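Notes follow the structure.
The values are calculated or read from the model by the stated rules, or taken from the named source; none is laboratory data. Quantities reported herein were computed from a predicted structural model and do not represent experimental measurements. All Cβ positions, glycine included, derive from the backbone under ideal geometry; neighbour counts span all protein chains shown.
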Amino acid sequence: MEAAWRLADLVHEARRAAALAVEEAVVGLGTLTVVFDPLAVDGAELAAALGDLARRVLSGAARARPGGAGAVGGEAPFEIPVWFDGPDLEEVAAGLGRSPAWVVDELCASALRVAFLGFSPGFAYLGGLSPVLAGLGRRHRPRPEVPPGSVALAGGFAAVYPQATPGGWQLVGRTGASLFDPHRPPHAVLSPGRAVRIVRARDEPAPPPAPPRPVLRVGRGPSLVVEAAGACTLVEDGGRRGVAGLGVPRAGAFDAVALALANRLVGNGGGEAVLEVTGRGPALRAGGGPVQLAVVGDPGRPGAVDVRVDGRPVPEATVVSVGPGQAVEVPSAGVALRAVVAVGGGLEVPALFGSKSADLLSGLGQGPLRAGDELAVGQAGRPRGRIRFAGEAGGDVVRLRVVAGPEAGPLGVPAGEWTVAPESNRVGVRLTGGVAPAGGITDVVSRGMVAGAVQAPPGGELVVLGPDHATVGGYPVVAVVARADLHRLAHLAPGRRVCFEPVELAEARRALGALDDAVASAVSGWFPTVAG
C-alpha cells in the first residue's frame, strides 16, 4: 500500500510538466491514470516521460512527499464512529459463513490506513482489512444512489461515501462523520497514509445536513430571473481541472461542442458559464438591461430545440436580443434531449475549484436552478452572426467510435445494438440489451476513470461515464468513447439505440483534430446578420 502513497508524488511531477499538456493525474491502487490533451502531446512520449518519473519516485530518488509518510503514520488514528445497520450486512455475513456480529468485530479490529483518495470528493480507500473481509467483491449491479455517510466494503478496502452517489460496494453501516469540506483547504479530512480506526457508534447518527446552496448575488447590470426552472437546468462551463486527485469530478457542459458554439455566437470565450437544460427547459425573464443569447442543442441535428421570446418562436443557434422584462422560454429540447443557453458576457455565479459548474455526483456548484433564482450576466462582447457546423447526424442508431479499454483483451468490445436506460444521467449513461462482454472478470483494481469509459459490471449492462463521473472505479473498462464523440453522449435520450465502432488511437486522434477544426471555423459573421 505504501507504493500507492508514493505514486502521489507523481501527481505533483506530472502537474508541473505543463509542456506535456497534462489535465489530470489520479492515483489508484498501484496505478497512476494520466489524462492529457492528445492534440498537444504524443501519448508515447508522455508515457515514456512518466515512466522515467515513476522509476525515480518509486526508487526513492524523487523529492519526498511533504510531511513524509512516517509523519502521517505517527499521528493518532482518526476514529470513525459507525452505526452497523447496513442493508448488505447480513448478506455479506451469510456469504462469508459468519455472523453479522463477527463482520463488525473484524472490521473494528482492522488497523486501517488511507491508501489513496478518489471516486468522489473526500472518498478515502482504507486498506488494512483482514484477508476474509478483503476478499469481498462489488455488487453485481451498482446502486443508482448510495446514501451519504454509508460505510462500505469491496475490493480489499473499506470506505465512507461522503456524498449521495451511485456505488457498487457492500453497505454495512453508516456514520455522521464529515470527511470533505469544499470551502476549507485541504478539503479532504483524510489524506494518504493516515491511520483510521472504525469504532461502534453509541448513538444512531443523524442524517447529514444538505450542503449549503451558494447564494446568487446580482449587481445592477443585466440579469436573468428564473420564473420556472424546467426539468433540470444547471449552470455549466468548461469544468474543473487538476482536482480529480481529490475525488472531484471535472463536471462542465455535457456537450462541449454545443458549449463552444453557443459561447462563440454570443461573443464569449469558448468555456464561459451557460445554462444546460435537459428535457423541458426553463422560463427566464431579462432584468437590469438588454442581453444577447443563443440556444444550441445537438450540433449534429439542428432545429430540434423549441425556443421562444415573449411566446414567439425564434431560431435555434441564432443570436437573439432580449430587452428588460422580456420572457425567454425553452419549452422542450426535443430529440436533442439537452441544449445550452449562452448569454453574452457569461453567467456570474460563485466558482468552486476554479469552475462555476454544477456537479450532480458530489453536489458541488449551484445545483439545479429553482424558480426565483437570479443570474447576473457579465460584460458582453460583440456577438457573431451564424453557425455553419457540418456535424454528423445521429440517425436511428447512434454510432460511437471507441478505442479498446484495459479489459478489452479478455472481455472484448461490446457488440450489437444497445438501448439507453431511463436511469441515465450526467454521471453515466446506462445501456441494456446488447451483447455483453463475456468472461470471468467482475472486479479490477481501483484506478482512475475518464469520461467516456465504458464500464461492464457483471450484471450484463454497460455504463458509459459522463462529465460527473466518479474519478476512481473498479468495474472492468472494455472500451473508451473517442473524445470526438463524447459530446454525442449528451443527446442519448432513454430508448435511443447505440452501437460501438472500434477504432485505433491514431484514428481517434485524427477525428478529434477534425472536430476541433470544424468548431473553430463554424461561427462567422457579426450580429445582426444581413439577409442574403
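Just give me the residues in region 202-232 being of a type in the set (D, E, K, R), modelled with pLDDT of 80 or more and part of a loop (DSSP other than H, G, I, E, B), in sequence order.
At the first step, the residues of region 202-232 found to be of a type in the set (D, E, K, R) are 202-204, 213, 217, 220, 227.
Next, from what is left, pick out any that are modelled with pLDDT of 80 or more: 202-204, 227.
Correct list: Arg202, Asp203, Glu204.
Given the structure, is Arg280 more than 22 Å from the chain's Cα centre (by Cα), modelled with pLDDT of 95 or more and of a type outside the set (Val, Ile, Thr)?
Working: more than 22 Å from the chain's Cα centre (by Cα): yes; modelled with pLDDT of 95 or more: yes; of a type outside the set (Val, Ile, Thr): yes.
Against the criterion (more than 22 Å from the chain's Cα centre (by Cα), modelled with pLDDT of 95 or more and of a type outside the set (Val, Ile, Thr)), Arg280 qualifies.
Looking only at region 156-168, count every residue that is of a type outside the set (S, T, N, Q) and touching a Phe, Trp or Tyr at 6+ places or on another chain (Cβ under 8 Å) and tell me the total. First the steps, then the outcome.
The initial filter retains those residues of region 156-168 that are of a type outside the set (S, T, N, Q), namely 156-162, 164, 166-168.
After this cut, where a residue has to be touching a Phe, Trp or Tyr at 6+ places or on another chain (Cβ under 8 Å) as well, the list is 157, 159-162, 167-168.
Residues flagged as of a type outside the set (S, T, N, Q) and touching a Phe, Trp or Tyr at 6+ places or on another chain (Cβ under 8 Å) within region 156-168 amount to 7.
Only one of (1) touching a Gly at 6+ places or on another chain (Cβ under 9 Å); (2) modelled with pLDDT under 95 fails for Gly60. Which number is that?
All conditions pass for Gly60, except number (1).
Rundown of residues vs (1) assigned to a strand (DSSP E or B); (2) closer than 30 Å to Ala124 by Cβ; (3) not assigned by TED's automatic domain parsing to the domain that holds Ser357, yes/no style:
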| site | (1), (2), (3) |
| --- | --- |
| Leu234 | yes, yes, no |
| Gly242 | no, yes, no |
| Val257 | no, no, no |
| Asn263 | no, no, no |
| Gly269 | no, no, no |
| Glu276 | yes, no, no |
| Gly289 | no, no, no |
| Leu293 | yes, no, no |
| Gly303 | no, no, no |
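Out of curiosity, is Pro290 closer than 21 Å to Leu337 by Cα and either in contact with a strand residue (DSSP E or B) (Cβ under 9 Å, 6 or more places away or on another chain) or free of Cβ contacts under 8 Å to residues at least 40 places away in the same chain (or both)? So that I can check it myself, show each step before the final result.
Values: closer than 21 Å to Leu337 by Cα: no; either in contact with a strand residue (DSSP E or B) (Cβ under 9 Å, 6 or more places away or on another chain) or free of Cβ contacts under 8 Å to residues at least 40 places away in the same chain (or both): yes.
Spelling it out, it is not the case that Pro290 is closer than 21 Å to Leu337 by Cα and either in contact with a strand residue (DSSP E or B) (Cβ under 9 Å, 6 or more places away or on another chain) or free of Cβ contacts under 8 Å to residues at least 40 places away in the same chain (or both).
Considering Gly122, Gly173, Gly156, Gly168, which residue is crowded, with 19+ Cβ neighbours inside 10 Å, at pLDDT 95 or above and outside the structural domain of Gly354 (by TED's automatic domain parsing)? So that I can check it myself, show each step before the final result.
On the way: Gly122 fails: at pLDDT 95 or above; Gly156 fails: at pLDDT 95 or above; Gly168 fails: at pLDDT 95 or above.
When all the criteria are applied, what remains is Gly173.
Give region 452-492 a look and list any residue that's among the small types (Gly, Ala, Ser) and touching a Gly at 6+ places or on another chain (Cβ under 6 Å), or say none.
Step one: list which residues in region 452-492 are among the small types (Gly, Ala, Ser), which gives 452-453, 456, 459-460, 466, 470, 473-474, 479, 482, 484, 490.
Within region 452-492, Gly466, Gly474, Ala479 qualify.
For region 67-148, please list each of the helices (runs of 4 or more DSSP H) lying entirely inside it that holds at least 2 residues being touching a Gly at 6+ places or on another chain (Cβ under 8 Å) and of a type outside the set (Val, Ile, Thr).
Values: elements: 68-73, 89-96, 100-108, 131-134.
Counting at least 2 such residues, we get 68-73.
Exactly one of (1) in contact (Cβ under 8 Å) with a residue 40 or more places away in the chain; (2) closer than 29 Å to Thr33 by Cβ; (3) hydrophobic (A, V, I, L, M, F, W, C) is unmet by Leu347. Its number?
Every condition holds for Leu347 apart from (2).
Kindly list, by first and then second residue, each pair from a residue in region 179-194 that is at negative phi and not assigned by TED's automatic domain parsing to the domain that holds Lys356 to a residue that is acidic (Asp, Glu) and surrounded by fewer than 18 Cβ atoms within 10 Å (Cβ to Cβ), limited to pairs with Cβ atoms under 9 Å and residues at least 6 apart or on different chains.
Pairs that qualify, where the first residue is at negative phi and not assigned by TED's automatic domain parsing to the domain that holds Lys356 and the partner is acidic (Asp, Glu) and surrounded by fewer than 18 Cβ atoms within 10 Å (Cβ to Cβ), are Ala188/Asp181; Val189/Asp181; Arg194/Glu75.
Scan region 491-502 and tell me whether some residue there is under 21 Å from Ala390 (Cα atoms), surrounded by fewer than 20 Cβ atoms within 10 Å (Cβ to Cβ) and not assigned by TED's automatic domain parsing to the domain that holds Val266.
yes
What are the pairs, 6+ residues apart or on separate chains, where a residue within region 314-329 that is assigned by TED's automatic domain parsing to the domain that holds Gly345 has its Cβ under 7 Å from a residue that is of a type in the set (Phe, Trp, Tyr) and not in a strand (DSSP E or B)?
Taking only residues 6 or more apart or on different chains, the pairs are Val319/Phe527.
Please work out if Ala3 is in contact with a Gly (Cβ under 8 Å, 6 or more places away or on another chain) and either at pLDDT below 85 or part of a helix (DSSP H, G or I) (or both).
Details: in contact with a Gly (Cβ under 8 Å, 6 or more places away or on another chain): yes; either at pLDDT below 85 or part of a helix (DSSP H, G or I) (or both): yes.
Yes; evaluated as a whole, the condition is true for this residue.
On the basis of being buried (at least 18 other Cβ atoms within 10 Å of the Cβ) and in contact with a Gly (Cβ under 7 Å, 6 or more places away or on another chain), does Arg264 make the cut?
Details: buried (at least 18 other Cβ atoms within 10 Å of the Cβ): yes; in contact with a Gly (Cβ under 7 Å, 6 or more places away or on another chain): yes.
Yes: the conditions hold for Arg264.
Please specify each residue of region 421-460 satisfying the condition of being crowded, with 20+ Cβ neighbours inside 10 Å, in contact (Cβ under 8 Å) with a residue 60 or more places away in the chain and either not small (Gly, Ala, Ser) or not in a loop (DSSP other than H, G, I, E, B) (or both). First the steps, then the outcome.
Going through region 421-460, the residues crowded, with 20+ Cβ neighbours inside 10 Å turn out to be 424, 426-431, 436-437, 446-458.
Then keep just the ones that are in contact (Cβ under 8 Å) with a residue 60 or more places away in the chain; that gives 424, 426-429, 431, 446-451, 457-458.
Once the filter is applied, which keeps residues that are crowded, with 20+ Cβ neighbours inside 10 Å, in contact (Cβ under 8 Å) with a residue 60 or more places away in the chain and either not small (Gly, Ala, Ser) or not in a loop (DSSP other than H, G, I, E, B) (or both), region 421-460 yields Arg426, Val427, Gly428, Val429, Leu431, Arg447, Gly448, Met449, Val450, Pro457, Pro458.
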